[in-house]
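The values are calculated or read from the model by the stated rules, or taken from the named source; none is laboratory data. Bear in mind that the values here come from a model prediction, so they are computed numbers and not experimental data. Note that we place each Cβ from the backbone using ideal geometry, even for glycine, and neighbour counts take in every protein chain shown. Protein only, heavy atoms only, side chains kept; ligands, DNA and RNA dropped before computing areas. Shrake-Rupley method; radii C 1.70, N 1.55, O 1.52, S 1.80 Å.
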Amino acid sequence: MNEAIAVRVVISALIGYLLGCISPSFLIGKRRGYDVRETGSKNAGASNTIIMAGKFAGVLVAVLDILKAAASWWIAAALFPELEFAGQIAGAACVLGHMFPVFLGFRGGKGFACLGGLALACGPATFLLMVLLAAIIGFASSYICIAAVSMSVVFPLYYALTTGSWLGALILLLPSPFMFYKHRENFQRIAAGQELKLSFLWKNESEMNRTGHIAAVENEADDELQA
C-alpha cells in the first residue's frame, strides 16, 4: 500500500468514525433532561430511547443512525472513487464510532441500526432483504439482540456472495466481534429471563413489568428528583 492509498484509507475511516460518534440517542436524552448512558438499559441507541422517551423518539433515533452509516459510505465513496473499498471502510468505521464514540467516553450504542445503514448503502433492495431477514430471526428467537449479532455476520456473507468481493466482506465483518461483545449483557439477561423480548415493541408496559425495567426507570427518576 503506497502513501497516497494509506492516506485515503485513514481519511475514509475517520469520516466514518466521526459520523458514527454523533449520537442522536444521547442528544435526545440530553434535551429531555437525562443521560441515556446512565438510565434505562444504559445503552445509547434506539432501544433505550424507546424505553426512556417513547416509540416515536426511538424510531427517529433508529432512522438517524441508519442514515449516518449510509452517509459515511456514500461520502467516502464519492470522495475517493479510485479507492475500491472507501465506502466499506467508512461504513465499518461508522459502526465502530457508534459503539465507541470518543465524545461520549466510548460508551455508545450496539450498532444494529448502523449495520442497517451499510445495507442501505448497497441499495434499497439489499436493505429491504436484510430487514426481512432480521425480522425473521427476531421473531423466531423473540429477541432483537439475537437478530443484531446474527445480521452482523449474515450481511457481510451476503455481500461476499452477491459481489464476489471477499475483501470487502471482510471489512464489513470487522464490527461483528465488537457487536457480540456489546451484546454480552443481553445474553446474560436472556439466561436470567430479564431481557426484553421483541414483543416489547407492541407490549411495552407488560414486557417492562416482566423484566423489571419499569421499576428500574422509576427508581432512577426518584433518585434524580432527590439529588
Residue ID - farthest from Ala53 (Cα to Cα), chosen from residues in the range 3-42 that are open to solvent by 70 Å² or more (accessible area, probe 1.4 Å) and basic (Lys, Arg): Arg8
Residues within the range 152-183 that are surrounded by fewer than 19 Cβ atoms within 10 Å (Cβ to Cβ) and hydroxyl-bearing (Ser, Thr, Tyr), tallied: 4
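Just to be sure I understand, how many residues within the range 101-121 are among the hydrophobic types (A, V, I, L, M, F, W, C), open to solvent by 50 Å² or more (accessible area, probe 1.4 Å) and either out of contact with any helix residue (DSSP H, G or I) (no Cβ under 7 Å at 6 or more places or on another chain) or under 17 Å from Tyr158 (Cβ atoms) (or both)?
Here is the first cut: in the range 101-121, the residues among the hydrophobic types (A, V, I, L, M, F, W, C) are 102-104, 106, 112-115, 118-121.
Retained after the next criterion (residues that are open to solvent by 50 Å² or more (accessible area, probe 1.4 Å)): 102-103, 106, 112.
Going one step further and asking which of them are either out of contact with any helix residue (DSSP H, G or I) (no Cβ under 7 Å at 6 or more places or on another chain) or under 17 Å from Tyr158 (Cβ atoms) (or both), we end up with 106, 112.
Matching residues across the range 101-121 total 2.
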Close pairs (6 angstrom Cβ cut-off, 6 or more residues apart or separate chains): over 21 Å from Leu96 (Cα atoms) and in a helix (DSSP H, G or I) in the range 110-132, at pLDDT below 95 and among the small types (Gly, Ala, Ser) anywhere: none
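Name the residues in the range 52-67 that are open to solvent by less than 30 Å² (accessible area, probe 1.4 Å), in a helix (DSSP H, G or I) and either in contact (Cβ under 8 Å) with a residue 60 or more places away in the chain or not hydrophobic (A, V, I, L, M, F, W, C) (or both), would you? Show your work before the answer.
Residues of the range 52-67 that are open to solvent by less than 30 Å² (accessible area, probe 1.4 Å), as a first pass: 53-54, 57-58, 61-62, 65.
Going one step further and asking which of them are in a helix (DSSP H, G or I), we end up with 53, 57-58, 61-62, 65.
Correct list: Gly58, Asp65.
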Selection within the range 69-89 - within 9 Å of Gly16 (Cα to Cα), surrounded by 24 or more Cβ atoms within 10 Å (Cβ to Cβ) and either within 15 Å of the chain's Cα centre (by Cα) or not small (Gly, Ala, Ser) (or both): Ala69, Ser72, Trp73, Ile89
The one condition in (1) open to solvent by 30 Å² or more (accessible area, probe 1.4 Å); (2) closer than 18 Å to Lys110 by Cα; (3) of a type in the set (Val, Ile, Thr) that Val149 fails to fulfil: (1)
